[in-house]
Amino acid sequence: MKARIQEPNAETLHFPDTAGLRNLLGEQDKHLRLLEKLAPVKIGARGNDLSLSGEASSVRLIRDLLVQLYGLIEKGYPLFPQDISYAHRILAMDGKADIGRIFLDKVFVSAKKRVIAPKSVAQKLYIDAIRKYDMVFGIGPAGTGKTYLAMAMAVSALTEKKVSRIVLARPAVEAGERLGFLPGDLAEKVNPYLRPLYDALFDMMDMDKATALIHRGIIEVAPLAFMRGRTLNDAFVILDEAQNTTSEQMKMFLTRLGFGAKAVITGDVTQIDLPQEKTSGLIEAEKILRHSERISFVHFSELDVVRHPLVQEIIRAYNHLDRSQGKATP
């Protein structure tokens, strides 16, 4: 591939592989039109050449982005529009970022044949930390993949027989509701709180297989209160929505870890639903444990959101509001 500089704000890129270029362009050049929305650059396609024109900095960014995306395609990566948006976001933050090192780090292939891989720098740091450390905290806003990637790593570890079981826990605390006012027995009361964990699990595994593993006790989905008094050996344990644990609950959970076990704790400290007089166990745990060399804390921001683009904008707006009101923003 060769780049020929025509003038300060224009370049031409040559892509020798016609099939690879076709994938880069997308159906009816939709990938190019997306890039033109992401940056003030005009892109034209002729034969195996792409011409770029616009602001010098934007032309450099899109040039580097196209070269890296083409490299992904050459390695067999199936390029989707959302990948282009994520890659643009990464390079816009760090022009020297290696998109391939992030996107090609395959975590797991789900039951739906989707390759689960990191889509941001923080997500890459997160899965690397889970591989390296026995206890990892993932802290950040909704939609950043904290629970989803942890679930993928857990199912991968179970499949590869690195652990003998998976334990998924969540505090039964939500905004505006109390268990006592919900109908049914205890299991029926807590089930709605565990639904997001089931949803993520069934996205990783065939529902019948996952249900069979749950019945056999190999996968356990339970409210946090059910962890008391237990020792979890040879298990991959995930505590979701940890911002809603009390100090006592967090201490209880962290001391359940047994031999051969790994724990991932996720939460969003901007969405605490505890009574005001209660201290979030997640916030306290970071203060107490952040200097431990055997525990990793990975922080996510709105830049790591992998949901609808509006979610990123909404989180940014709320963070701005918090700062204007003098509230602490992580």
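So here's what we get for this one:
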read-out	value
Charge tally in the Cβ shell below 14 Å around S164, where Lys, Arg are +1 and Asp, Glu are -1, S164 excluded	+2
Solvent-accessible heavy-atom area per residue, rounded to whole Å², over region 12-89 at 1.4 Å	49
Length released on extending from M207 to T279, taking residue separation times 0.36 nm less the Cα-Cα span	22.2 nm
Cα-derived Rg over Rh, computed across the chain with Rh taken as Kirkwood radius	1.03
Fraction of accessible area attributable to carbon and sulfur, the chain (%, probe 1.4 Å)	52
Relative contact order [Cα under 8 Å, 6+ residues apart], the chain, whole percent	17
Given charges at beta-carbon only (K, R positive; D, E negative), |dipole| of the chain in Debye	560
Cleavage-rule hits, chymotrypsin sites (Phe, Trp or Tyr not before Pro), region 185-273, DSSP coil, Cβ neighbours within 10 Å at most 10	F259
Charge dipole of the chain about the Cα centre (unit charges at C-beta), most positive-ward option of L61, P40, S247	L61
Restraint check, K30/K124; K96/K262; K75/K113, Cα-Cα greater than 24 Å	K30/K124; K96/K262
Mean projection area, nm², convex hull over Cα of region 223-323	8.0
Stokes-Einstein translational diffusion, region 96-137 - Kirkwood Rh over all Cα pairs, 1.567 mPa s, 4 °C, in µm²/s	117
Value of [θ]222 nm, deg cm²/dmol, for the chain, DSSP H segments ≥ 4, -39500 (n - 2.57) each, nearest 500	-13000 deg cm²/dmol
Heavy atoms of D203: accessible area, 1.4 Å probe, square angstrom to 10	20
Angle between the chain longest axis and helix 81-93 axis [Cα atoms, degrees, rounded to 10]	90
Helix 309-324 vs. the chain, principal-axis angle (Cα, 0 to 90°, nearest 10)	70
Cα→Cβ-extended label distance, 7 Å offset, between V109 and T255, nm	4.4
Solvent-accessible surface ranking, highest first, for Y318, Y126 at 1.4 angstrom	Y318, Y126
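The values are calculated or read from the model by the stated rules, or taken from the named source; none is laboratory data. Values in this document were obtained by computation on a predicted structure and should not be read as measured data. Because the Cβ atoms are built from the backbone with ideal geometry, glycine has one as well, and the counts that use them run over all protein chains shown. Just the protein is used for accessible areas: all its heavy atoms, side chains included, with ligands, DNA and RNA removed. Shrake-Rupley method; radii C 1.70, N 1.55, O 1.52, S 1.80 Å.
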